[in-house]
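Read the structure below first, then the notes.
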Amino acid sequence: MPDSIITRYENVKNRINQACLNAERPPESVRLLAVSKTKPIEDIQELAQHGQSAFGENYLQEALEKIALLPNAEWHFIGPIQSNKTKPIAENFQWVHSIDRLKIAQRLSAQRPENLPPLQVLLEVNISQEPSKAGFTPHEILEIAPQISELPNLQLRGLMAIPQPAKTFEEQKKPFAAMRQLLQKLQETLPNHSIDTLSMGMSGDLEAAIYEGATIVRIGTDIFGARDYSNKES
Ligand SMILES: *Cc1c(COP(=O)(O)O)cnc(C)c1O
């Protein structure tokens, strides 16, 4: 019989705690974002009842249906953002990890309802400099971040990356170390902003990410099991 979601979840939390010990970091310094894309609401509710508070989604329509059923969870948008979809994102999420254009940030700020706290945002970095991937280059980050930090209804919190998969711990650490250094430069560029977040590390490389300073790890497969993408919008 396959492990239950709760067993898998506890295993992931143990891995995070162990990785924090190895990195000599306090376990509270890393948050677990449960990436629930393509997974049914029942699985998400089960985890929420077990104490998980934050969920990450990539596909807007699917996410909105889940948010309506579980409005008290903290919802993070982590997928690609088309500019005609910014309004429902601004209205329904607490966090957005995947800002890859200034225009998207401007629209999210303009469309964030005034009765909600500022949308917490991260800039996506194409840290492995892959031509086909979304995200700013490290150089662009330092140019664009001051403009984004001025937008009234956003709070710029830091950076997110999805590096190229690598097999060994040593290889996995390299892009994460580059992210750590980039966050430090960003903090020096914007000393009066609460820039404190590095969203990096997934099921296969969370240990290396935590070693290099991740403060949010985004875990899907190792909690919910493999994803089935048949009949999926994108
Ligand atoms: C799907 C996804 C994840 C989770 O990846 P797993 O390997 O399943 O843990 C994390 N981050 C982003 C941006 C994703 O799209």
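Note on the stretch 5-223: with charges restricted to the Cβ of Lys and Arg (+1) and Asp and Glu (-1), its dipole about the Cα centre is near 240 debye. Of 48, 172, 6, which is farthest along the charge dipole of the chain in the positive direction, counting Lys and Arg as +1 and Asp and Glu as -1 at C-beta? Checked the options; the winner is 172. The lysines whose alpha-carbon is closer than 18 Å to the alpha-carbon of residue 37, local same-chain residues fewer than 8 away aside, are 66, 85, 232.
Per residue, the chain exposes 48 Å² of solvent-accessible protein surface, assessed with a 1.4 angstrom probe and all protein chains in place.
Nonpolar atom fraction for the stretch 5-223, defined as the carbon and sulfur part of the 1.4 Å probe accessible area, stands at 50 percent. Centre-to-centre separation between the Cα atoms of the stretch 34-52 and those of the stretch 93-170: 25 Å.
Using the Cβ-Cβ distance between residue 140 and residue 177 with R0 set to 25 Å, the FRET efficiency works out to roughly 0.80. Between residue 61 and residue 46, full extension at 0.36 nm per residue minus the direct alpha carbon distance yields a gain of 3.3 nm.
For residue 57, neighbours were defined as the other residues whose beta-carbon sits under 9 Å from its Cβ, and their charges (Lys and Arg +1, Asp and Glu -1) total +1. Does anything in the stretch 9-44 have its amide N under 18 Å from the 7 Å Cα→Cβ label point of residue 196, and if so which residues? Counting backbone N atoms under 18 Å from the label point, the list is 25-33. Ranking 203, 190, 58 by Cα position along the charge dipole of the chain, where only Lys, Arg, Asp and Glu carry charges on their C-beta atoms, puts 190 farthest toward the positive end. Pairs of alpha carbons in the chain separated by more than 34 Å make up 10% of all such pairs.
In terms of accessible area, using a 1.4 Å probe and ignoring ligands and nucleic acids, 211, 59, 9 rank largest first as 211, 59, 9. Of the whole protein surface, residue 65 contributes about 110 Å² of accessible area at a 1.4 Å probe radius. Potential lengthening of the chain between residue 91 and residue 221 amounts to 44.0 nm, from the contour at 0.36 nm per residue minus the alpha-carbon distance.
The values are calculated or read from the model by the stated rules, or taken from the named source; none is laboratory data. Treat the numbers as computed from the prediction; the structure is a model and nothing was measured. Cβ coordinates were reconstructed from backbone atoms using ideal geometry, including for glycine residues, and neighbour counts include every protein chain displayed. The accessibility values were calculated without ligands, DNA or RNA, using every heavy atom of the protein model including side chains. Shrake-Rupley method; radii C 1.70, N 1.55, O 1.52, S 1.80 Å.
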